[in-house]
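Visitor: Can you keep this structure in mind? I'll have questions shortly.
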Amino acid sequence: MLAEEIEKLLKFLRENPREYMKKIAKEKNPPFNPKYEKYFAKKEEIDPTKIEFELETVSDKVSSEIFRSGLSFWSVPISSGYGRRMRFIVWDKTHGKVFGIFGLCDPLIGLKVRDDYIGWSKKQREERLYNMMSAYVLGAVPPYNELFGAKLVALAVGCKEVCQAFEEKYKGKKTIIRGRTPLAKLVAVDTMAFFGKSLIYEGLPEWQFLGYTKGLTHIHLNGLWERCLELAKEMNARSLERNKFGHGPNWKFRVLNEVFSRLGISEEYYDTGIKKGYYFRPLTLEWREFLKGETDQLTYVNKSFEEYVEFWKNKYLRRGLKKWNGKAF
């Protein structure tokens with residue numbers, strides 16, 4: 001019965017991937033909080049020729065709730081990230097509205113497309129994965145997405161202010177798992193585009209498209225996960241014993257593997273056919289040597305938030321204005 005239900009889900013997902021993910025997003029992503037409605041723009045309220053920007057680090061309850069409300073606009077399910085987290089709001093400070101958001105978290109421990117590109121060993125990865133972060137969400141909220149706003153947010157992800165915030169937050173801190181104190185320098189960020197290549201990164205040389213993931217996930221089992229978990233408890237599954245911080249983001253995979261194996265369900269049910277596009281962004285000249293542990297010297301090549309704003313205004317805002325209400329200002 002469980003296998004039949006999973007097969008039914010997969011069939012619908014493969015035939016209607018965007019529609020299915022939109023449904024999951026509505027179930028999983030935080031709902032919009034009307035209390036913070038005043039921070040989100042209606043198109044008629046905005047004069048896009050007068051927008052000025054500010055980058056805020058989410059640091060209190062109000063900014064956290066505003067960020068969460070921003071997540072409600074996404075039409076794909078958004079993970080809350082895991083391990084270390086840093087969240088940012090890009091503000092249209094002229095109008096007092098949220099322009100876009102991005103969130104960073106610990107990268108996946110093992111990711112072949114990334115690891116092959118960097119060329120590091122398992123030991124090198126264990127030592128220096130700390131110096132990377134992954135953007136688990138990145139984009140502009142309506143109506144700013146009509147102005148190619150996501151491109152500005154993608155640029156902001158790797159700005160100097162983010163690197164400074166990383167250093168200030170983690171400098172001198174011991175890691176929980178290994179109890180060491182790594183050099184608190186952010187040297188690269190990465191992200192995944194849910195449906196393969198994304199127009200967001202087109203024309204942004206800072207971001208490099210490296211390929212696709214294998215398309216394996218458990219997110220489409222959203223409605224069946226609780227049942228699988230109950231079965232795992234009934235089976236006294238060993239995988240349940242490893243559900244603590246430090247055991248990695250693949251705990252659900254391990255539980256599902258054990259349940260599926262005992263029930264004779266094929267692991268092919270993880271293959272949704274949706275291969276995410278993988279994007280990588282180095283922030284220094286010596287990023288590869290640093291990540292492989294060959295040097296501690298770093299020369300940053302990223303720009304400040306304001307410099308990225310000016311680049312975006314000159315290259316993309318002018319184009320966006322032509323689409324805004326179907327006319328140029």
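The values are calculated or read from the model by the stated rules, or taken from the named source; none is laboratory data. Everything numeric here is computed off the predicted structure, so don't read it as measured data. Don't worry about glycine lacking a Cβ; one is built from the backbone with ideal geometry, like all the others, and counts go over all protein chains shown.
Visitor: Quick test of your reading of the structure: Glu27 fulfils all but one of (1) closer than 30 Å to Lys173 by Cβ; (2) surrounded by fewer than 13 Cβ atoms within 10 Å (Cβ to Cβ); (3) modelled with pLDDT under 95. Name the failing condition by number.
Guide: Every condition holds for Glu27 apart from (1).
Visitor: Right, here's the next one. For Val162, state whether it is part of a helix (DSSP H, G or I), modelled with pLDDT under 95 and either among the charged types (D, E, K, R) or within 19 Å of the chain's Cα centre (by Cα) (or both). Working first, answer last.
Guide: Details: part of a helix (DSSP H, G or I): yes; modelled with pLDDT under 95: no; either among the charged types (D, E, K, R) or within 19 Å of the chain's Cα centre (by Cα) (or both): yes.
For Val162, the condition - part of a helix (DSSP H, G or I), modelled with pLDDT under 95 and either among the charged types (D, E, K, R) or within 19 Å of the chain's Cα centre (by Cα) (or both) - is not met.
Visitor: For Ala150, state whether it is without any contact (Cβ under 8 Å) to a residue 24 or more places away in the chain, touching a helix residue (DSSP H, G or I) at 6+ places or on another chain (Cβ under 6 Å) and either of a type in the set (A, V, I, L, M) or part of a helix (DSSP H, G or I) (or both). Talk me through it step by step, then tell me what you get.
Guide: Numbers: without any contact (Cβ under 8 Å) to a residue 24 or more places away in the chain: no; touching a helix residue (DSSP H, G or I) at 6+ places or on another chain (Cβ under 6 Å): yes; either of a type in the set (A, V, I, L, M) or part of a helix (DSSP H, G or I) (or both): yes.
Spelling it out, it is not the case that Ala150 is without any contact (Cβ under 8 Å) to a residue 24 or more places away in the chain, touching a helix residue (DSSP H, G or I) at 6+ places or on another chain (Cβ under 6 Å) and either of a type in the set (A, V, I, L, M) or part of a helix (DSSP H, G or I) (or both).
Visitor: Could you please let me know if Val76 is more than 27 Å from Arg318 (Cβ to Cβ), of a type in the set (A, V, I, L, M) and in a helix (DSSP H, G or I)?
Guide: No: the conditions fail for Val76.
Visitor: OK, next. Among helices (runs of 4 or more DSSP H) lying entirely in the stretch 286-325, which contain 3 or more residues that are under 12 Å from Asn131 (Cβ atoms) and of a type outside the set (Gly, Ala, Ser)?
Guide: Details: elements: 287-291, 305-312, 318-323.
Helices (runs of 4 or more DSSP H) meeting the threshold: 287-291.
Visitor: A further question follows. Take Phe99 and decide whether it is among the aromatic types (Phe, Trp, Tyr), closer than 21 Å to Phe40 by Cα and not in a strand (DSSP E or B).
Guide: no
Visitor: From Glu54, Glu65, grab the single residue that is surrounded by fewer than 18 Cβ atoms within 10 Å (Cβ to Cβ) and part of a helix (DSSP H, G or I).
Guide: Result of the check over Glu54, Glu65: Glu65.
Visitor: Also, I was wondering about something else. Of the residues that sit in the stretch 223-259 and are more than 27 Å from the chain's Cα centre (by Cα) and at pLDDT below 75, which one is surrounded by the most Cβ atoms within 10 Å (Cβ to Cβ)?
Guide: The qualifying residue surrounded by the most Cβ atoms within 10 Å (Cβ to Cβ) is Arg227.
Visitor: Oh, and also: Take the residues in the stretch 79-96 that are of a type outside the set (S, T, N, Q) and in a loop (DSSP other than H, G, I, E, B); name whichever of them is nearest to Lys43 (Cα to Cα). Talk me through it step by step, then tell me what you get.
Guide: Just the residues of the stretch 79-96 that are of a type outside the set (S, T, N, Q), to begin with: 81-93, 95-96.
Retained after the next criterion (residues that are in a loop (DSSP other than H, G, I, E, B)): 81-84, 93, 95-96.
Values: Gly81: 30, Tyr82: 34, Gly83: 36, Arg84: 35, Lys93: 15, His95: 11, Gly96: 13 Å.
Ranking the qualifying residues of the stretch 79-96, first place goes to His95.
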